[in-house]
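What follows is a single structure, written as structure tokens, with notes after it.
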Amino acid sequence: MTRAAVIAGVGGHVPARVVTNDELAQRLDTSDAWIRSRTGIAQRHVVEPGVTTSDLAAEAGRRALKNAGHDTADLVIVATTSPDRPCPATAPTVAAKLGLGEVPAYDIAAVCSGFLYALQAGAAAVLAGHAERVLVIGAEAFSTLLSPTDRTTAVIFGDGAGALLLRAGTADEPGAVHHVHLASDGTMADLITVRGGGAEERSSGLPVREEDRYFRMEGKSVFFAAVRRMAQSSLTALSRTGWDTAQVDRLVGHQANTRILHAVAEQLGLPAERAVINIDQVGNTSAASIPLALAHGMATGELRTDDRVLLTAFGGGATWGAATVTWPDLPPS
Ligand code: UT7
């Protein structure tokens, strides 16, 4: 049988503090009704001062290891847009917090598509025999990137982390990762960006502009690009896996906007009910979004052993992608 990376454990973690739409409406010109109707979001979780992305990532990783019945991994990949520091990467800190010893550990920066990029890298490492067990984590303290006065972003994003443990197995096993399709178009870099803090700003010799410290998004343009690219990429991943769209049991898309998820389902010809949705509870958690939605779907029973699951995301870069997996047989996380 064809070798494949197989999902051996799933874990999700969000910080305890909940920020409701009404709480945001007290300090911004927005309303619960606008946020719910335009995005599907009812609340998001936000880190307390002093809590960082590596804290969230380590907890999600710990839960994925526990779910798999293991206490070690020999490679850690962290997808994040909100690393603890610009330098060094966050993954080594996560590996240290998990007590994994001197394992290789690195970050992937592909914004909201980051988890799919990390999944492909982790699966490839397993298939190449470079690692026995890989922790693939998406983690964000995204609230730390947001301008407190920008209503176009402050209402959308939230903090959290999700993780999968991958092991070597075969493509006929529940949990197999079948195909990951990835793409990018750097001409769209300005649509989703934190302009400052990098070499571009430092080499400009110009003083730092306050607004460049924060995350910015051209929501409307991103919306249409996201629907088109997620649908296209999904069709590519499905055809390379040999699945018909009708065979997809669950669509687990990047939780950017309920309207986007429903539009992608519609373009694929899937009933809206096949989409797993937890954006109402956690908001858009960028790289953490897909693994948190997977942990949610497992907890609610929406994801069942052997289900054919389609994952898809679009994010800054621009980057996008889609993956096909069959759902594993795991105890509740
Ligand atoms: O995670 C990476 C990928 N991200 C995405 O895929 C996000 C894609 N984009 C979106 O989800 C949507 O574009 C948003 C949710 C960000 C915005 O929704 P929209 O329906 O595209 O709204 P809009 O930007 O066209 O704004 C409509 C109106 C505007 O007012 P006018 O010009 O019609 O008077 C905005 O100023 O809503 C206004 N507006 C708000 N009103 C209340 C924008 N933000 C808010 C707000 N509260 N928070």
query = Hey, any hits in the range 73-83 for a residue that's surrounded by fewer than 23 Cβ atoms within 10 Å (Cβ to Cβ), under 16 Å from the mean Cα position of the chain (by Cα) and not in a helix (DSSP H, G or I)?
reply = yes
note = If we keep only residues of the range 319-333 that are closer than 22 Å to GLY301 by Cβ and of a type outside the set (A, V, I, L, M, F, W, C), then the residue surrounded by the fewest Cβ atoms within 10 Å (Cβ to Cβ) is PRO332
remark   = In the range 283-315, anything part of a loop (DSSP other than H, G, I, E, B) and either free of Cβ contacts under 8 Å to residues at least 40 places away in the same chain or crowded, with 24+ Cβ neighbours inside 10 Å (or both) is listed as GLY283, THR285, GLY301
ask   = Looking only at residues in the range 183-225 that are closer than 15 Å to LEU145 by Cα, of a type in the set (Lys, Arg) and under 23 Å from the mean Cα position of the chain (by Cα), which one is farthest from the ligand (Cβ to nearest atom)?
value = ARG213
query = In the range 112-143, what residues are in contact with a Ser or Thr (Cβ under 6 Å, 6 or more places away or on another chain) and closer than 20 Å to PRO15 by Cα?
reply = CYS112, ALA139, GLU140, ALA141, PHE142
task = Mind telling me which of the residues ARG36, ARG44, ARG27 ends up being touching a strand residue (DSSP E or B) at 6+ places or on another chain (Cβ under 7 Å) and either within 16 Å of the ligand (Cβ to nearest atom) or free of Cβ contacts under 8 Å to residues at least 60 places away in the same chain (or both)?
result = ARG44
request  = Give me a count of the residues in the range 71-89 that are closer than 20 Å to ILE7 by Cα and at pLDDT 95 or above.
outcome  = 8
request  = Those residues that are among the small types (Gly, Ala, Ser), farther than 30 Å from ARG17 by Cβ and in contact (Cβ under 8 Å) with a residue 12 or more places away in the chain, I need them from the range 156-214; list them, please.
outcome  = ALA168, GLY169, ALA171, GLY175, ALA176, ALA183, SER184, GLY186, ALA189
key: Given (1) crowded, with 16+ Cβ neighbours inside 10 Å; (2) within 16 Å of the ligand (Cβ to nearest atom); (3) part of a helix (DSSP H, G or I), number of the condition ASP280 does not satisfy   = (1)
inquiry  = Taking the conditions exactly as written (under 16 Å from ASP107 (Cβ atoms), in a helix (DSSP H, G or I) and touching a residue at least 24 places away in the same chain (Cβ under 8 Å)), does GLY122 satisfy them or not?
reply    = yes
ask   = Counting only residues that are within 9 Å of the ligand (Cβ to nearest atom) and part of a loop (DSSP other than H, G, I, E, B), which one in the range 151-164 is farthest from ALA68 (Cα to Cα)?
value = VAL155
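The values are calculated or read from the model by the stated rules, or taken from the named source; none is laboratory data. This is a predicted model, so every value here is computed, not measured. Cβ atoms come from the backbone with ideal geometry, glycine included; neighbour counts cover every protein chain shown.
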